Amino acid sequence: MTVPQSHRSIWEQARLGPLTLRNRIMKAATFEGVMPRGRVTDQLVDFHAEVARGGAALTTVAYCAVSPGGRVHANTLVLDKANVSDLRRLTDAVHAEGGLVAAQIGHAGLVANTLSNRTKTLAPSTRLSAPAMGLVKGATKEELARVIRDFEDASQVAVDAGFDAIEVHLGHNYLLSSFMSPNLNKRKDEYGGSLERRIAFPRRVIDRVRHTVGDSVAITAKFNMADGVPKGLWLDDSLQIAQILEADGHLDALQLTGGSSLLNGMYFFRGEVPMREFVASQPKLVGYGLKLYGPRIFPTYPFEEAFFLPLARQFREALSMPLILLGGINRLDTIENALEEGFEFVAMARALLRDPDLVNKFRDQRVPEGLCIHCNKCMPTIYTGTRCVIREALR
């Protein structure tokens, strides 16, 4: 299905499900690194309030685990009832700045650090996982049924806490993404094998999330177009999966991404690999392992403006549902061109770490592009509070 070119303005109000956004620029989820033992801190509230104050229409809290076993590590927020009042403080702060806020919900699966979490994680099929530092067993049907209930509960918590949108994490080889990936899902039951079976579990999760919250909030998904690894998910499957999700009718938009936090962490960053900083941020043993195996997990890709656009165009051609373009967006004309090509929204991440006020500067025609140089030295700061080290040095 071909979507005709659009003459949308960046600055016009835009609909996303039941929401009205003040413009078409979103802050993509970037793990904030300021949730010690999963607590909501003043730093987390300030992080998102600053983004909203800077003009972004919607900011995304990442990564909100649906259960303790679904955390990336122990310093990851769990969307449970105990956090509702603290999260309400965050959503109120964003709303006070005129912005909207989404909760990115998911289960880390093979990306979980089980030593840090002190609880086991799950995978579609049994395999070794470097983040888990050992063997992760394939989930039983009973365990997967529990995960579905966890997504339902977490979705209700998000609504109770005042979030305007829920972003279901279908990317980067986290649990739901790994079910879709042919090199990670080797199951022999109704959740593995053919494309239709590999997508069955993520579809059930999305169905139950929508059933839980109804039309009270927008529901989007961060969706892998490609895993960026041999024998992983690629366009021949991902385009069909996207069409199935569109036909299901539960999602208000897809945010298009790619790559694997398990096997290829640079596919969705591009640019320099700050290996020295990564090694320094880790315990000695882990740092030694990074020296040996880091180049495999973090291969070098040259940075290109809007680097996911060539893949994303295939989805714009095949789908009629709203799509959110992500990946290396730094320039005002990139955003204008994306809207002309039929994308409803763009999502920015590193550019807004470098300058949270960039959207306001674009709107007021003060600058044509952001200051991010794609050095990626922000990546290792996720363990001490995610930030742009250049911005920090200039303060």
Rounded to 5, percent antiparallel among DSSP beta bridges of the chain = 20
With label points built 7 Å along Cα→Cβ from the Cα atoms of Asp215 and Arg146, find their separation and express it in nm.
-> 3.6
Work out the charge dipole of the chain with +1 on the Cβ of Lys and Arg and -1 on the Cβ of Asp and Glu about the Cα centre, then indicate which of Leu184, Ala145, Val40 is farthest towards its positive end.
-> Leu184
Would you work out which of Val101, Pro368, Tyr301 lies farthest towards the positive end of the dipole of the chain, given +1 charges on the beta-carbon of Lys and Arg and -1 on that of Asp and Glu, about the Cα centre?
-> Tyr301
Rg to Rh, two decimals, where the range 301-395 supplies the alpha carbon set and Rh follows Kirkwood = 1.01
Using a 1.4 Å probe on the protein chains only, how many percent of the accessible area of the range 6-72 belongs to carbon and sulfur?
-> 47
Rounded to two decimals, what ratio of Rg to Rh does the range 1-140 give with C-alpha atoms and a Kirkwood Rh?
-> 1.07
Ordering of 29-35, 361-367 by burial proxy (mean other Cβ atoms within 10 Å per residue, highest first) = 29-35, 361-367
Estimated FRET transfer efficiency when R0 is 51 angstrom, pair Arg366-Asp248 (beta carbons, to 0.05) = 0.75
Can you flag which of Lys186/Lys291; Lys81/Lys137; Lys27/Lys141; Lys137/Lys231; Lys81/Lys222 are past 32 Å Cα-Cα?
-> Lys27/Lys141
Put +1 on the Cβ of every Lys and Arg and -1 on every Asp and Glu Cβ in the range 45-182; which of Val66, Val157, Pro124 then has its Cα farthest towards the positive end of the dipole?
-> Pro124
What is the dipole size for the range 1-79, taken about its Cα centre, with +1 at each Lys and Arg Cβ and -1 at each Asp and Glu Cβ, in debye to the nearest 20?
-> 180
Which residues' amide hydrogens lie under 5 Å from the amide hydrogen of Thr59, considering only partners 5 or more residues apart or on another chain, with H built in the peptide plane?
-> Lys27, Leu100, Val101, Ala102
Mind listing the Cα extents of the range 224-348 along all three principal axes, in Å, largest one first?
-> 49, 32, 22
Check the straight Cα-Cα distances from Lys188 and name the aspartates and glutamates below 19 Å, setting aside those fewer than 8 residues away within the same chain.
-> Glu142, Glu143, Glu196, Asp237
Efficiency of FRET from Cβ geometry, Asp153 and Leu128, R₀ 25 Å, rounded to 0.05 | 0.25
Computed magnitude of the charge dipole of the range 224-275 (debye, nearest 20; Cβ of K, R +1, Cβ of D, E -1) | 240
Can you give the three extents of the C-alpha atoms in the range 19-59 along their principal axes, from longest to shortest, in whole Å?
-> 34, 16, 16
Calculate for the chain the 222 nm mean residue ellipticity that helices alone would give, adding -39,500 (n - 2.57) per DSSP H run of length 4 or more and normalising by residue count, nearest 500 deg cm²/dmol.
-> -10500 deg cm²/dmol
How many percent of the accessible area of the range 209-317 is carbon or sulfur, using a 1.4 Å probe?
-> 57
Using a 1.4 Å probe over the heavy atoms of the protein chains, calculate the carbon and sulfur portion of the accessible area of the range 82-168 as a whole percent.
-> 52
Give me the Kirkwood hydrodynamic radius of the range 191-257 in Å, from all C-alpha pairs, to one decimal place?
-> 12.7
Could you state the accessible area per residue of the range 1-68 in Å², with a 1.4 Å probe and every protein chain left in place?
-> 40
Taking 0.36 nm per residue of separation and subtracting the Cα-Cα distance, what length does fully extending Val389 through Lys120 add?
-> 93.4 nm
For the range 280-350: span of alpha carbons on each principal axis (Å, largest first) | 49, 25, 19
Nearest 20 debye, what's the magnitude of the dipole of the chain about its Cα centre given +1 on Lys and Arg Cβ and -1 on Asp and Glu Cβ?
-> 1380
Rg over Rh, two decimals, the chain (C-alpha only, Kirkwood Rh) = 0.93
The summed charge of the Leu309 Cβ neighbourhood (under 14 Å; Lys/Arg +1, Asp/Glu -1) stands at -3
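The values are calculated or read from the model by the stated rules, or taken from the named source; none is laboratory data. For clarity, every value in this text was computed on a predicted model and none was experimentally measured. Using ideal geometry, Cβ is built from the backbone for each residue, glycine included, and neighbour counts are taken over all protein chains shown. The accessibility values were calculated without ligands, DNA or RNA, using every heavy atom of the protein model including side chains. Shrake-Rupley method; radii C 1.70, N 1.55, O 1.52, S 1.80 Å.
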